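These notes concern the structure reproduced below.
Quick note: the coordinates plus some simple rules give every number you see, no bench work behind them. Model, not experiment: these values are computed from the prediction. All Cβ positions, glycine included, derive from the backbone under ideal geometry; neighbour counts span all protein chains shown.
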């Protein structure tokens, strides 16, 4: 039985399909009229103006178009990613629909998860482009009077290193939400991306998913791994700054373990900060002084030492023993020599010695 809700939904879908078909026709008409204009995009905005005008005309004639929901955003991101990575004929230098745009008008993807780019790999790619040319276009979107990268930052950097003036590019009209998802999809499966960089990307898009389970399924990761990646962004700023400089400093398992320590009831930055910094320094040492698996246990070891030192006596202690106003012995303690007791032989018996020994032994065993 068809409900009113189903009819409404079907009507909206039909309306959306009609609008999309009309938009497509208008864009095709505009592009047919301007073949000469869209061959190359230099510093003008001709193609974008034509498309924008077509969009405006189509939308002026239709009211009540439903906006994209979270599912549509996720689907669009994956579809564009798959389209970008379709195989192209070996003799093709660029896909149909690619344009030539000025390199200096392109800005990096604001959602790019990668913090560091390997200069050696960029140089190798530049040599390849110099020899055989740019085999596939980068993907960009319009950002006012400039462009923002969606995919292909290595190629863009390689063209910059070659001091090329123009680069082949595909134009995509995507939202910030789609762009953030695409940046993560583009990089999340690559082995050379650090856990911290993946964590930053997940943080940018996690609000688009209702649960960690849904996010994990979308990314093809386990739910526990998503929690581990997300833990990076819950660490203090003084640890995040170290990760910004060295994204591979420690892995996602250590991020979650460290976050658990820091958010525990007994955590004190006064006690933990120095041990954590020392452990991070050892991780960065060239001699691989500290393994990833030993990172958190080493911090706990240093914290335990610090707490023991805090509880121990730090000031020297001097006490005298006297009977009837006469000095018969003394007690002395310091951090270097420990505890010493001296009593005059005339003031003590063998039974006293045994009693003192038993007392001290009992006290020490009680600890």
* **Square roots of five times the Cα gyration tensor eigenvalues for the stretch 318-366, Å** => 20, 17, 8
* What is the Rg over Rh value, at two decimals, for the stretch 85-177, using alpha-carbon atoms and the Kirkwood definition of Rh? -> 0.94
* Structure fact -> Extension length gain for residue 344 and residue 132 (0.36 nm per residue less Cα distance), in nm, is 66.7 nm
* Structure fact -> Rounded to 0.05, the calculated FRET efficiency for the beta carbons of residue 104 and residue 211 at R₀ = 35 Å is 0.20
* Distance between modelled label sites at residue 160 and residue 301, nm, 7 Å Cα→Cβ extension -> 4.3 nm
* Structure fact -> Computed D for the stretch 125-267, Stokes-Einstein, Kirkwood radius over alpha-carbon pairs, 25 °C, 0.890 mPa s, to the nearest µm² per second, is 142 µm²/s
* To do: Note down the nm distance, to one decimal, between modelled labels 7 Å out along Cα→Cβ at residue 173 and at residue 362.
  => 9.0 nm
* To do: Subtract the Cα-Cα distance of residue 277 and residue 289 from 0.36 nm times their separation in residues, and report this length gain in nm to one decimal.
  => 2.9 nm
* For the stretch 217-311, the spread of Cα positions along each principal axis, largest first, Å -> 50, 35, 22
* To the nearest 0.05, what FRET efficiency results for residue 244 and residue 324 with a Förster distance of 41 Å applied to their C-beta separation? -> 0.05
